[in-house]
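Just below is one structure, and these are the notes that go with it.
Every number here is computed from the coordinates shown, using simple stated rules; none is lab data. In this text the structure is predicted, and so the values were computed from the model without any measurement. Every residue, glycine among them, receives a Cβ derived from its backbone with ideal geometry; neighbour counts consider all protein chains shown.
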Amino acid sequence: MSDFIRWLYANYVKPQLEQTSPIGYEQALSMMDTSLDQQLHKEYSRALEFYASAAFLLGVRTGAGLGPVLKEEPH
């Protein structure tokens, strides 16, 4: 990942994830915090960083790709 993507994750994506309501995922998230040892928790955090950043970029690309379609007049 590029330095920009790491910065974007740390300063935008991660804070958004932390503010998101965990309703429906409380048990799974609690298990991730309590059942993983320190090394696995670190690896889990790195995987979360990778997939959350990739999902964010996918959203950006999808939005950019839909821009011209959304400007068209309805048929």
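Observations
- For volume of the Cα convex hull per residue in Å³, the value computed from the atomic coordinates appears in the list [x] 132; [y] 87; [z] 112 under label [x].
- 3J(HN,Hα) along segment 19-28, derived from phi through the Karplus expression 6.51 cos²θ - 1.76 cosθ + 1.60 where θ = phi - 60°, amounts to 8, 6, 5, x, 3, x, 10, 4, 5, 5 Hz, with x in place of Gly and Pro.
- Here the dipole of segment 3-71 is about 420 debye; that uses its Cα centre as origin and unit charges on the Cβ of Lys and Arg (positive) and Asp and Glu (negative).
- CD proxy at 222 nm, helix term only [per DSSP H run n ≥ 4: -39500 (n - 2.57); per residue of the chain; nearest 500]: -24000 deg cm²/dmol
- With Cα atoms, 0 to 90° folded angle of helix 38-71 axis to the chain main axis: 10 degrees
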